[in-house]
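Here's the structure we're looking at; comments come further down.
The values are calculated or read from the model by the stated rules, or taken from the named source; none is laboratory data. What you are looking at is a predicted structure, and each value in this text was computed from that prediction instead of being measured. Virtual Cβ from ideal backbone geometry, glycine too; neighbours counted across all protein chains shown.
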Amino acid sequence: MTTKSIGSEPIANNGVDFVRKAIRAISAYTLEPRIAPDKLDQNEGALDFPDALKREVVTRIMRRRWNVYPDFEAVELRDAIARRGGIARENVLVGNGSNELLMVAMATLVAPGRRVVVPTPTFPLYEKLATIFGGEVVPVDVDPHSGALPVEAMIGAASGPDPALVVACSPNNPTGGVLSLGDLDALLGSGAFVLLDRAYGEFWDDGSPRPVDRLVTLSTFSKAWGLASLRIGWLESTPELCSEMRKVKLPYNLNVFSLEAALVAIENEALMRARVADTIRERAKVAAALAALPGVEVFPTQSNFVAFRVEGSADALFEQLIARGTLVRNISRYLRLERCLRVSIGEPAENDRFLASIAALLGAESAVQSKGEGA
């Protein structure tokens, strides 16, 4: 029973009533656990980190003392990231996955009442975090057929006497649309502050935008680098903005295992580049084969996944694919993505099994086989 309030927040005798109203009003980010032999639902890298490199990481870990904290400033990893990007260590922060750094950036930049422009549909965590920190979320519709990010509409939504934060994922999850460097320049030129999530940036040559004022970019080792289980991400911005965000970032936020794995990955970057090239080739094959199916509309994509719309029930097709051994992502509950599914690009054999299954379910095996050959 509520007895009094402080500001707009009630003080109550039970624990749940003590929780902030903004938190109680939103739902948690969840993922229904489903199992299938071919897991193509979470946009992970198609291949595991090689055993030889795993052994190298373990060897380095065995040489370290486990009873002492990791480097407070993560200097070695930040230097390695900075060198490959041609920037300075002061332009880089590292964290426990790019999601942690997304929270750090939001906590630093989103004041109560500040407008946060978010193209939708996109990664749901952007809106949740903006709401948690008191921002006023301004959704802008992504094209429901091409998945293109609406740059002019984003600029219009961000305009006004007070500065707005624009959050954009490029390539966008789950549609695959992108922001070119020209689009990014236009957003920054409008006066907006831009938070650019490049989780899938390696699968599209976006020119790797350099740190400039009013721009924060987020990147991850989870996708193209094949280290999703170790949760390693990095952030790039100006030294001044990184200094402010360091005040929010938790200390010792990366363990020594993750630090060493990221260093080994960077030392073997050629492996990542080769795997990305393989993924892009498989992406073209999968997209072409899906487009050949009757009643299937494929979203143009520059990422390691393909979103597509079907004429019938996406829910039914999702379950039927699981029954045949392939788990994809059901995105049909997203706004403007009715009847849509998303498939991650896996190993060639996984992709072939998925294409054979969906062709059989839609009664078009011969069309997929002829379109997929040599694509």
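Structure values in brief
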item	result
Residue in segment 11-48 that is modelled with the lowest pLDDT, counting only those that are touching a Phe, Trp or Tyr at 6+ places or on another chain (Cβ under 8 Å) and not β-branched (Val, Ile, Thr)	ALA12
Count of residues meeting criterion [of a type in the set (Gly, Ala, Ser), in contact with a Phe, Trp or Tyr (Cβ under 8 Å, 6 or more places away or on another chain) and either more than 9 Å from ALA130 (Cα to Cα) or without any contact (Cβ under 8 Å) to a residue 24 or more places away in the chain (or both)] in segment 92-110	2
Members of segment 290-326 that are assigned to a strand (DSSP E or B) and either under 18 Å from the mean Cα position of the chain (by Cα) or not aromatic (Phe, Trp, Tyr) (or both)	GLU297, VAL298, PHE305, VAL306, ALA307, ARG309, THR326
All positions within segment 57-75 that are under 25 Å from SER208 (Cβ atoms) and surrounded by 13 or more Cβ atoms within 10 Å (Cβ to Cβ)	GLU73, ALA74
Test: residue in segment 327-343 that is over 27 Å from MET106 (Cβ atoms), free of Cβ contacts under 8 Å to residues at least 40 places away in the same chain, part of a helix (DSSP H, G or I) and charged (D, E, K, R)	no
Residue count, segment 95-118 (criterion: over 16 Å from the mean Cα position of the chain (by Cα) and either surrounded by fewer than 17 Cβ atoms within 10 Å (Cβ to Cβ) or over 28 Å from SER159 (Cβ atoms) (or both))	4
When residues of segment 191-205 are limited to those that are touching a residue at least 40 places away in the same chain (Cβ under 8 Å) and of a type outside the set (A, V, I, L, M, F, W, C), the one surrounded by the most Cβ atoms within 10 Å (Cβ to Cβ)	ASP197
Top-ranked residue in segment 330-375 [being within 20 Å of PRO119 (Cα to Cα) and among the charged types (D, E, K, R); ranked as modelled with the lowest pLDDT]	ARG336
Top-ranked residue of segment 280-328 - restricted to ones that are among the β-branched types (Val, Ile, Thr) and out of contact with any Asp or Glu (no Cβ under 9 Å at 6 or more places or on another chain), ranked as surrounded by the fewest Cβ atoms within 10 Å (Cβ to Cβ)	ILE280
Given (1) surrounded by 23 or more Cβ atoms within 10 Å (Cβ to Cβ); (2) under 28 Å from ALA82 (Cα atoms); (3) more than 14 Å from the chain's Cα centre (by Cα), index of the condition GLY135 fails	(2)
Test: residue in segment 241-262 that is farther than 19 Å from THR120 by Cβ, in a strand (DSSP E or B) and at pLDDT 95 or above	no
Strands (runs of 3 or more DSSP E) within segment 83-182 that include 2 or more residues within 21 Å of ASN43 (Cα to Cα)	115-120, 165-169
Near pairs, Cβ below 6 angstrom, 6+ apart or cross-chain, from segment 69-91 (farther than 16 Å from LEU259 by Cβ) to any residue that is surrounded by fewer than 19 Cβ atoms within 10 Å (Cβ to Cβ) and of a type outside the set (Gly, Ala, Ser)	GLU90/PRO239
Scan of segment 19-34 for residues that are touching a helix residue (DSSP H, G or I) at 6+ places or on another chain (Cβ under 9 Å) and within 27 Å of GLN302 (Cα to Cα), ordered by number	TYR29, ARG34
Some residue of segment 205-223 being modelled with pLDDT of 95 or more, small (Gly, Ala, Ser), part of a loop (DSSP other than H, G, I, E, B) and within 14 Å of the chain's Cα centre (by Cα)	yes
Among the candidates SER208, SER219, residue that is in contact (Cβ under 8 Å) with a residue 60 or more places away in the chain and surrounded by 23 or more Cβ atoms within 10 Å (Cβ to Cβ)	SER219
Hits in segment 162-186 (condition: buried (at least 24 other Cβ atoms within 10 Å of the Cβ), farther than 18 Å from PRO300 by Cα and not β-branched (Val, Ile, Thr))	LEU165
